[in-house]
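The values are calculated or read from the model by the stated rules, or taken from the named source; none is laboratory data. Note that this is a predicted model, so its numbers are computed, not measured. Here the Cβ positions follow ideal geometry from the backbone for every residue, glycine too, while neighbour counts run over all protein chains shown. Note: areas computed on protein heavy atoms with side chains; ligands, DNA, RNA excluded. Shrake-Rupley method; radii C 1.70, N 1.55, O 1.52, S 1.80 Å.
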Amino acid sequence: MKLLIKLFFSIIILASFSSAKADTIKWLHLFSDDDLNMPGMLQAVKEFEEKTGHTVEMQYLENESFKAKLPTMLQSNDRPDIFYSWSGGVMYDQAEAGFLRDISDLVPDSYLDTVSAAAADAFTYNGQRVGLPKQVAQVAWWYNKDLINQAGVDVSSIKMWDDLLSAVKQIKAAGITPICLGGKDKWPVHFIWTHLHIRNGGKALFLDSLNNGGWDRPEYIKSGEQMLELVALEPFQKGFLAHTWPDQAGFFGDGKCAMAFMGNWMYGAQKGNSASGEGLGDDNMGMFNMPMTAGGLGNPGDTLGGINGWLFSSSAPDSAVELIMHYTNKQIQSADAAAGAYIPIVKGADASIQNPFLKQVAKNIANSEYHQIFYDQFLGADIGRVVNDVSTDLAAGIITPEEATQAVQEAWEFNQ
């Protein structure tokens, strides 16, 4: 009799499962097939499809294409259910436009307890949870040890901005290109200018500017002046304004420059974009934080980076949220961390980090009292676009520091 009862209930469960609507979830990402992120994503999809009966349709766009095409895609009937996000102001704009779904009721406290609270809060807007975090990141100076040693530079002595300028001069005098830069994509350039803002102005000044304006104040003009000091040394590879971020990563991986200012994703990107596909070995790479500026109001430990994750479009099914909660579990995040893919947000997953550079970044962020999300994302699409434009104009030497800061101030005023 017990066997018949079990069989009866099994039939009922199977019947209800087969009659339930199976969703096709469209997941838009920006990771190529050889990216270190892919194994974890594919594992999550396989496990989720087998467990639920839903189908996941993976959609890929390269970084710049993603940013350019996403606004139009979100307005179409073929919008993705899940898509990548750097959080911040661009996400706020998307929420205000009605493109995002409030998933607050779908995310239990039991899940939120497993992730970094700061990272989870970064994907909320006006009390609504519109996304889920995946990773944190930091921008720092990467360097080629062989080339740095060849130039006779002592990296440990680079504590101040003037020390960095001296190192650039020394590297160039050795016949080596000091810095690779992807000027065509612009956002790699804005890292330099805005990190100088962080050093010169600090957290309090940034928040005051964010709320009350004053993007043209002396501390930020000083950042432009310091950037022009760097530009005057002609430190970048020839044609840098025509080169993209993948070019920048490839040049660094091929040993064509001594340094590159980039996020911790440079570790994998310099391999994948190098001519050999192998890039620089761990023993030939080093990393140091942005040096401090004389008289700067910031803290030397303040960091620039991201809190990145996934957003859900207004028409996303509940199953899309279930998929990302499954993807950002401790098992997958630990495996991805061990592979050096990223710095995870699930509590305890960072213990699996083997990569010495990611370990250092995780430590830097943990010790930072002010972790600023990339300006071009945090300030929203309109102001962020101006920040990227004027940063690149500074690198090209076609704009003054005063003009650069005034342009950002005007963009801020226009968006009030």
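For q = 0.16, 0.24, 0.25 Å⁻¹, what log10 I(q)/I(0) does the range 43-120 give under the Debye formula with an equal point scatterer on each alpha carbon and no solvent?
The calculated log intensity ratios at q = 0.16, 0.24, 0.25 Å⁻¹ are -0.87, -1.31, -1.30.
Tell me the per residue accessible area of the chain using a 1.4 Å probe; a whole number in Å² is fine.
Accessible area per residue: 43 Å².
Aspartates and glutamates within cross-link reach of K203: Cα-Cα under 18 Å, excluding same-chain residues under 8 positions apart?
Answer for K203, where 18 Å is the Cα cut-off: D216, E219, D302, E369, D376, listed by chain and number.
Which three extents, in whole angstrom, do the alpha-carbon atoms of the range 359-416 cover along their principal axes, largest first?
38, 30, 16
For the range 268-357, give the percent of accessible area contributed by carbon and sulfur heavy atoms, probe 1.4 Å, rounded to a whole number.
About 49 percent, which is the carbon plus sulfur part of the accessible surface.
In a shell of Cβ-Cβ distance under 11 Å around Y125, excluding Y125 itself, what net charge do Lys and Arg (+1) and Asp and Glu (-1) give?
So the environment of Y125 carries a net charge of -3.
Taking K and R as +1 and D and E as -1, what net charge do the other residues with C-beta under 12 Å from the C-beta of V231 add up to? List each step's numbers first, then the result.
Details: positive: none; negative: E225, E229, E234, D393.
Computed value for this residue: -4.
Probe 1.4 Å, all protein chains in place: accessible area of M73 in Å², nearest 10?
50 Å²
Counting Lys and Arg as +1 and Asp and Glu as -1, what is the net charge of the other residues whose Cβ lies under 13 Å from the Cβ of I345? Can you show the working numbers first?
Details: positive: K134, K330, K347; negative: D113, D121, D336, D350.
Within the 13 Å Cβ shell, the charges total -1.
Counting pairs of alpha carbon atoms under 8 Å apart in space and at least six apart in sequence, what relative contact order in percent does the chain give?
It comes to 25 percent, rounded to a whole number.
Over 42 Å apart: what share of the alpha carbon pairs of the chain falls there, rounded to a whole percent?
Above the 42 Å cut-off, the chain has 16 percent of its Cα pairs.
What's the whole-number percent of alpha carbon pairs in the range 226-326 lying beyond 19 angstrom?
62 percent
Loop sites only, by DSSP: take the trypsin sites (Lys or Arg not before Pro) in the chain that have at most 10 other C-beta atoms within 10 Å and name the longest stretch containing none of them.
Between the exposed loop sites, the longest stretch runs 22-237.
Of W412, W27, which has the most accessible area and how do the rest follow, probe 1.4 Å? Let's see the in-between values first.
Working: W412 30, W27 0 Å².
Reading off the accessible areas and sorting them downward yields W412, W27.
Note down the accessible area of I307, probe 1.4 Å, to the nearest 10 Å².
20 Å²
Looking at G127, N144, V168, which one has the Cα that reaches farthest to the positive end of the dipole of the range 110-170 (charges on Cβ: Lys, Arg +1; Asp, Glu -1)?
Most positive-ward Cα: G127.
What figure, in Å² to the nearest 10, do you get for the accessible area of E64 with a 1.4 Å probe and non-protein molecules left out?
Counting only protein heavy atoms, E64 exposes about 50 Å² to solvent.
Please work out the C-alpha center-to-center distance from the range 225-270 to the range 153-189 and express it in whole Å.
Centre-to-centre distance over Cα atoms comes out at 9 Å.
Take the alpha carbon atoms of the range 129-149, find their center, do the same for the range 293-330, and report the distance between the two centers in whole angstrom.
After rounding, the separation between the Cα centres reads 14 Å.
From the P(r) of the range 117-210, can you give the percent of Cα pairs sitting at distances over 20 Å?
Tail of the P(r) past 20 Å holds 59 percent of the pairs.
Rank these by accessible area, largest first, 1.4 Å probe: E278, E62. Kindly include the intermediate steps, with their values, before the conclusion.
Numbers: E278 130, E62 60 Å².
Reading off the accessible areas and sorting them downward yields E278, E62.
Among G296, G40, G53, which one moves the most in a GNM of the chain with springs linking Cα atoms closer than 10 Å?
In the Gaussian network model the winner is G53.
How big is the antiparallel share of DSSP beta bridges in the chain, given as a percent to the nearest 5? Can you show the working numbers first?
Working: 26 of 40 bridges.
Percent antiparallel among DSSP bridges in the chain is about 65.
Take D33, D146 and sort them by solvent-accessible surface of the protein heavy atoms, 1.4 Å probe, largest at the top.
Values: D33 145, D146 95 Å².
If we order D33, D146 from most to least accessible, we get D33, D146.
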